[in-house]
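Shown below is the structure under consideration.
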Amino acid sequence: MPARRVSVAHAEPMLDDATSITELREAAKGCRRCPLWREATQTVFGEGPDDARVVFVGEQPGDQEDLTGKPFVGPAGKVFDIILDDAGIDRQKVYVTNAVKHFKFEPRGKRRIHSKPNAGEIQACRWWIDKEFELIRPDLAVALGATAAQSLLGKATPVMKMRGQVIEREDGLRVFVTIHPSFILRIREPADKEAERERFLRDMRKVKRLMAA
């Protein structure tokens, strides 16, 4: 059953007054900042400690995330969890969220096929990302893919060219750029898939070192 949507009237008074991620998550249930809420089951907000030192930002919720209301629980999320563990990063100590909080998709029979968010949708949801970072105040952000990089850096970013680099924003936040784990799943050739998995693992080990810096 789809989650009950909170009306704008209920959510708006909380927006600027939210003093915790819990309050912000509750306010986000009534988000109407772009049209994506109309077809999505529910808002999928970030999860993790309010004082996390690193925030991982993905693109948008997928089908399973949309149904459960939790980020990074689908196939890409499972790959993400395994590789984080291999890199020695405790998932319970990091905050994970998405640049866009509603699932954008195209119906294809009984399936819902992921559709990439556009610049307007990314910009509309930037308000929530900024609030999350304002409350958490992490030392490091990890942009998982082009949509996340665009949200965090405010412009289109060539991920493959910038991969593994740390970009410091004007506000001092360090942003580490890498791929989204879903990229690994889309590779068909087993040897190429394994090679990409190893590259992503090396990226996460760099993140681990940056967390300790």
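The values are calculated or read from the model by the stated rules, or taken from the named source; none is laboratory data. All values derive from a computational prediction rather than experimental measurement. All Cβ positions, glycine included, derive from the backbone under ideal geometry; neighbour counts span all protein chains shown. Ligands, DNA and RNA are excluded from the accessible area calculation, which covers all protein heavy atoms including side chains. Shrake-Rupley method; radii C 1.70, N 1.55, O 1.52, S 1.80 Å.
Where both partners of a DSSP beta bridge lie in the chain, what percent of those bridges are antiparallel, to the nearest 5?
So the antiparallel bridges in the chain amount to around 40 percent.
On to the next question. Only bridges whose two residues both fall in the range 138-188 count here: according to DSSP, what percent of them are antiparallel, nearest 5?
Here the share of antiparallel DSSP bridges comes out near 40 percent.
Ok, one more. With point charges of +1 on the Cβ of Lys and Arg and -1 on the Cβ of Asp and Glu, referenced to the Cα centre of the range 78-134, which listed residue (GLN123, VAL94, PHE133) lies farthest in the positive direction of the dipole?
Checking the options against the dipole of the range 78-134, the answer is GLN123.
Where only protein heavy atoms count, and the probe is 1.4 Å, what is the accessible area per residue for the range 40-101 in Å²?
35 Å²
State the dimensionless ratio Rg/Rh of the chain (Rg: radius of gyration of Cα atoms; Rh: Kirkwood radius).
When Rh is taken as the Kirkwood radius, the ratio is 0.95.
Next question, about the same structure. Report, in debye and to the nearest 20, how large the dipole of the range 126-213 comes out about its Cα centre when Lys and Arg carry +1 and Asp and Glu carry -1 on their Cβ. Intermediate results must be reported in sequence, preceding the final value.
Numbers: 18 positive and 13 negative charges, 44 e Å.
So the magnitude is around 220 debye.
For the charge dipole of the range 72-201, defined by +1 on Lys and Arg C-beta atoms and -1 on Asp and Glu C-beta atoms about the Cα centroid, which residue among PRO107, GLY145, ILE83 has the Cα displaced farthest towards the positive pole?
My answer, from the dipole projection, is PRO107.
Hey, another quick one. Rounded to the nearest 20 debye, what is the charge dipole size of the chain about its Cα centre when +1 sits on each Lys and Arg Cβ and -1 on each Asp and Glu Cβ?
Its charge dipole is roughly 700 debye.
What Kirkwood hydrodynamic radius, in Å, does the range 37-99 give when the mean of 1/r is taken over all pairs of distinct Cα atoms and then inverted?
12.1 Å
With each label point set 7 Å from Cα along the Cα-Cβ vector, what nm distance links LYS110 and ARG202?
My value for the distance between the label points is 4.3 nm.
Subtract the Cα-Cα distance of ARG174 and ALA156 from 0.36 nm times their separation in residues, and report this length gain in nm to one decimal.
Working it through step by step, the gained length comes to 4.8 nm.
Find the accessible area per residue for the range 137-213; the probe is 1.4 Å, ligands and nucleic acids are left out, and the unit is Å². Please list the in-between numbers first.
On the way: 4200 Å² over 77 residues.
Accessible area per residue: 55 Å².
While we're here: Take the chain, mark every one of the trypsin sites (Lys or Arg not before Pro) that falls in a DSSP loop and has at most 11 other Cβ within 10 Å, then report the longest stretch left between them, sites excluded.
For trypsin sites (Lys or Arg not before Pro) (loop position, at most 11 other Cβ atoms within 10 Å), the longest site-free span of the chain is 5-109.
Per the helix-only calculation at 222 nm, which mean residue ellipticity applies to the chain, given -39500 (n - 2.57) for every DSSP H run of n ≥ 4 and division by its residues, nearest 500 deg cm²/dmol?
Counting only the DSSP helices, I get -12000 deg cm²/dmol.
Going toward the positive end of the dipole of the chain, with +1 on Lys and Arg Cβ and -1 on Asp and Glu Cβ, which of VAL44, PRO181, THR68 do you reach last?
Of VAL44, PRO181, THR68, it is PRO181.
Take the solvent-accessible surface of the protein heavy atoms, probe 1.4 Å, and return the percent of it on the chain that carbon and sulfur atoms account for.
Solvent-exposed carbon and sulfur of the chain make up 51 percent of the total.
Expressed in nm to one decimal, what extension gain is obtained for the pair ASP50 and ARG137 from 0.36 nm per residue of sequence separation less their Cα-Cα distance?
Details: separation 87, 0.36 × 87 = 31.32 nm, distance 0.87 nm.
Gain on extension, ASP50 to ARG137, equals 30.5 nm.
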